[in-house]
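The values are calculated or read from the model by the stated rules, or taken from the named source; none is laboratory data. Just so it is clear, the structure is predicted and the values come from calculations on it, not from any experiment. Glycine also receives a Cβ, built like all others from the backbone with ideal geometry; neighbour counts cover every protein chain displayed. These accessible areas exclude ligands, DNA and RNA; they are computed on the full protein's heavy atoms, side chains included. Shrake-Rupley method; radii C 1.70, N 1.55, O 1.52, S 1.80 Å.
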Amino acid sequence: MADMNDYLAVVAIDFGTTYSGFAYAFNHQKYRAGQQGIHMNSTWGNCRGVSTLQTPTCILLNPDKSFHSFGYRAQAKYIELEEEQDRQYYYFDRFKMKLHQCEEIDSRTEITASNGKKVNALEVFAHAIRYLSEEATKLISSRSGKSFTKKDMLWVITVPAIWNHVSKQFMREASYEAGIISKNNPCQLVIALEPEAASLDCRERNMAEFVDKSDDNGKCGDVVSKPGTSYMVVDNGGRNPTKNNIMISKGCLCLGPDIMKSLFFPPLKKINDYLNRLLKERSLQDVKSIFLVGGFSENALLQNQIKRNFGSRYRILTPIDAGLSVMKGAVLFGLNRDSIKTRISPYTYGSDLSPIFNPKKHEEKYKFTLCGVERINVFNTLVTINENVKIGEVRTFIAYPTHDDQTSVHFGFYTTTQKQVKYVDEPHVKKVGCVTLPIPDITKGRNRKLELKVEFGRTEIKATTRDVKSGNVRTIYLDFMND
């Protein structure tokens, strides 16, 4: 974990589906005053004569694929180019979820611009991260009267909870590409899950800071979400309802109230049906309250529907400026990463062991020969899918070399969505990382103790191997990208 004393400020970059922005707080103890210490940029809409705390999630690249503009400025320029029928520029709108829609992601993955041409996705995201980080650094320097650099910040980037480890790692790789952190100091970047961040924001708010006024006083974390209580965070990010026979001209559209309401019926029904199914699960029977966060939660139609269908069984709470909850909560998470205690594992994780093949115990089709000995690659389970794992929890296992004169050992790491698994060669198992540990002293042959430690619970997984006798240590962050 990053040492907070190494940084002067925490900066959270929130890539929303529809809108994006950043927030920050100074790290010095006297500035740690919950939400009161969080600052945001209110000048995004100045080019349009408005003051907003976020800007549209859209980016425009020049014909040579260099950066042109982001947000409102990109939107305005694209409209201008459309009128001129200029198809040389690359425009990407709401491009965040295109990453989730890709079945396989690696450093070569491409996404399609509005002109139909493809651009490397890593390049597009790096441009966006670089721009937002530069704007944040300039704003902090301007407001504080001191010269800040990116190295002075602990950076937090938000990702949806539904994203898999590949997408999360992609954001880290894009951050390296953008130059906001280096691979020599990976702890300078924290990946935050959007619902968790929003939860922290809600808990820090006073009860008066929710849309539904109540007679309760004090902080929400002391009234509704006290320790030991169960609540649900429903993250309704930006939505883009569509309807046939409606045209968009020059980026603007005027609709009557009836048509406008009808646009929201499909997403409202999906949210309602999903919540109905979800709240029937046994694991959620203790839920007492529901927090509605994300940009779409500011919609009165959604708020009224949730209250009407679920208000008699649950307390429904919508924070004022619900679209900012993730961004502000991400800053709180950066200031105190211990605020999240446990997570549920999305996969079964394991390493490989290679015992001698036993025809009575092992399947013939998975055996292989190593140094003249028949062996089998067994899946050594570290964590099981849906298991509760404490943040920073370390699982330790002991292994030994497979032959006497072995001078290095390779530990492979694997994932699967299956709960029960025996072999790493099963078709549903995916290799996600490997670490090589030197073991040069062969005097004890196969009787050399090797220690494997894997740290789970965080948004990224760290594996450390150690030769107990020599003290040699190797550490990796598991690589989930398909390079």
### Query
Can you give the charge dipole size of the chain about its Cα centre, rounded to the nearest 20 debye, using +1 on the beta carbon of Lys and Arg and -1 on the beta carbon of Asp and Glu?
920 debye
### Task
Kindly rank 373-384, 192-203, 80-91 from highest to lowest mean number of other beta carbons found within 10 Å of each residue.
192-203, 373-384, 80-91
### Query
Using a probe of 1.4 angstrom, how much of the accessible area of the chain is carbon and sulfur, in percent?
47 percent
### Charge dipole (debye, nearest 20) of the stretch 290-408; +1 at Cβ of Lys and Arg, -1 at Cβ of Asp and Glu
720 debye
### Query
Against the longest principal axis of the chain, how steep is helix 72-83, in degrees 0 to 90 to the nearest 10, with axes from Cα atoms?
70 degrees
### Message
Assuming a strict under-28 Å limit between Cα atoms, what lysine pair count do you get for the stretch 384-479 once near-sequence pairs (fewer than 8 apart, same chain) are dropped?
### Response
28
### Long-range amide H partners of F15 with built H, under 5 Å
T158
### Other-chain or far-sequence residues with amide H under 5 Å of N206's (modelled H)
C220
### Message
Of the listed values (i) 25.2, 83; (ii) 25.1, 88; (iii) 29.1, 99, identify the label whose number matches Rg and Dmax of the Cα atoms in Å calculated from this model.
### Response
(i)
### Query
What ³J(HN,Hα) values, in whole Hz, does the Karplus curve 6.51 cos²θ - 1.76 cosθ + 1.60 give for the stretch 352-368 when θ = phi - 60°, with x put for Gly and Pro?
9, 10, 10, x, 5, 4, 10, x, 7, 10, 10, 7, 4, 5, 9, 6, 8
### Summary
Residue by residue through the stretch 443-452, the couplings from Karplus 6.51 cos²θ - 1.76 cosθ + 1.60 with θ = phi - 60°, in Hz, x for Gly and Pro, are 4, 9, x, 7, 8, 10, 7, 10, 10, 10
#### Entry: Relative contact order [Cα under 8 Å, 6+ residues apart], the chain, whole percent
13 percent
### Distance violations [Cα-Cα > 32 Å] among K65/K168; K77/K183; K151/K341; K288/K328; K183/K341; K183/K226
K77/K183; K183/K226
### GluC sites (Glu not before Pro) restricted to DSSP loop in the stretch 98-179 with at most 10 other C-beta within 10 Å
E103, E104
### Task
With label points built 7 Å along Cα→Cβ from the Cα atoms of H428 and S283, find their separation and express it in nm.
1.6 nm
